[in-house]
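Below is one structure, written out as structure tokens; comments come after it.
Here, each number is a calculation from the coordinates, and none is a lab measurement. Quick caveat: nothing in here was measured; it's all calculated off a predicted structure. FYI the Cβ positions are ideal-geometry reconstructions off the backbone, even for glycines, and counts take in every protein chain you see.
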Amino acid sequence: MFGMTPTSTTMEALVNATRTAPDRESDENNRYADEKKIVKIEVTIKEIKQEKLDHDFHIVLMSGNYTMVGEIPDGGGCSVFSSHPALAKHFDDLRTLVVNKIGFTPGEGLRQVGIKATIEGVPFWDEMSADHKPTGSAANQHEIHPIISVTFH
């Protein structure tokens with residue numbers, strides 16, 4: 001569906017990568033060169049919740065001593081997907097897969113999961129500010145957003 005071959009990497013490489021985006025994004029439609037690829041990493045899904053405002057699944061990913069955030073968009077609830085029904089269905093199906101595996105529907109509070117998986121997704125530089133530090137964030141605010149595939153082990 002996404003037409004790109006994922007590049008295998010590690011969470012260590014992602015959380016230690018040199019930031020290529022400004023601290024605050026002035027153009028939300030802009031993607032930086034290192035955000036125009038798909039990566040594949042081995043992780044433990046440590047915790048999960050559903051974001052209050054956009055309803056994305058906020059997932060704390062862990063590998064060794066490193067954590068970072070991954071997100072799965074709300075396909076049916078996000079207006080961005082109104083003209084892309086196949087993408088909306090893809091993300092809603094992926095969320096259903098996750099819910100079925102973890103055994104609960106995420107709510108607004110983080111819940112422990114502890115399941116190993118391989119994820120594929122798009123690296124994204126979230127904004128850097130003192131008031132924006134989501135639980136599980138990497139120091140450089142590197143995220144996987146969106147997660148486009150999850151294979152449970």
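List pairs: first residue in the range 32-49 and in contact (Cβ under 8 Å) with a residue 40 or more places away in the chain, second residue surrounded by 15 or more Cβ atoms within 10 Å (Cβ to Cβ) and assigned to a helix (DSSP H, G or I) anywhere in the structure, Cβ distance under 6 angstrom, at least six positions apart or on different chains.
Sorted first by the residue in the range 32-49, then by its partner, the pairs are Ile41/Met11.
Restricting the range 73-94 to residues that are assigned to a loop (DSSP other than H, G, I, E, B) and in contact (Cβ under 8 Å) with a residue 12 or more places away in the chain, which is surrounded by the most Cβ atoms within 10 Å (Cβ to Cβ)?
Looking at residues that are assigned to a loop (DSSP other than H, G, I, E, B) and in contact (Cβ under 8 Å) with a residue 12 or more places away in the chain, I get Pro73.
Note down all Cβ pairs under 9 Å where the first residue falls in the range 1-25 and is on the phi > 0 side of the Ramachandran plot, the second is part of a loop (DSSP other than H, G, I, E, B), and they're at least six residues apart or on different chains.
Note: no pairs meet the criteria.
Mind checking whether some residue in the range 126-142 is under 16 Å from Thr10 (Cβ atoms) and outside any loop (DSSP other than H, G, I, E, B)?
Yes, some residue in the range 126-142 is under 16 Å from Thr10 (Cβ atoms) and outside any loop (DSSP other than H, G, I, E, B).
Just name the residue that is surrounded by the most Cβ atoms within 10 Å (Cβ to Cβ) out of those in the range 102-153 that are within 16 Å of the chain's Cα centre (by Cα) and of a type in the set (Gly, Ala, Ser).
For the range 102-153, the residue satisfying everything is Gly121.
Quick one: is Asn16 out of contact with any Cys (no Cβ under 8 Å at 6 or more places or on another chain) and closer than 21 Å to Met128 by Cβ?
yes
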